[in-house]
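To start, the structure under review is shown below, and the notes come after it.
Bear in mind these aren't lab numbers, they're just calculated from the coordinates by the rules spelled out. What you see is a predicted model, and the numbers here were worked out from it, not measured in a lab. Cβ placement follows ideal geometry from the backbone for every residue including glycine, while neighbour counts extend to all protein chains displayed.
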């Protein structure tokens, strides 16, 4: 998957990410991946559902991958952070 087909979800408002996904789909891309970690996971789900229900009705969730990443902080303490990848694909 090319890097430009990935939307990284962070702390911006949900509609910013919805706009990014819709813009990519309008540019001819048939598949977009939403990636999020930690507290941004719920925002990624919101983005996927808003895109599917309001903007691109023929968009489907192809797969959802979840995992845990171990992040080591500056103090040497490691913490586990949940991650999600939502693969959205448009039916042609």
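Within the range 17-37, work out how many residues are surrounded by 14 or more Cβ atoms within 10 Å (Cβ to Cβ) and assigned to a helix (DSSP H, G or I).
Final tally of qualifying residues: 8.
Can you find even one residue in the range 38-45 that is surrounded by 10 or more Cβ atoms within 10 Å (Cβ to Cβ), assigned to a strand (DSSP E or B) and touching a strand residue (DSSP E or B) at 6+ places or on another chain (Cβ under 9 Å)?
Checking the range 38-45: not a single residue is surrounded by 10 or more Cβ atoms within 10 Å (Cβ to Cβ), assigned to a strand (DSSP E or B) and touching a strand residue (DSSP E or B) at 6+ places or on another chain (Cβ under 9 Å).
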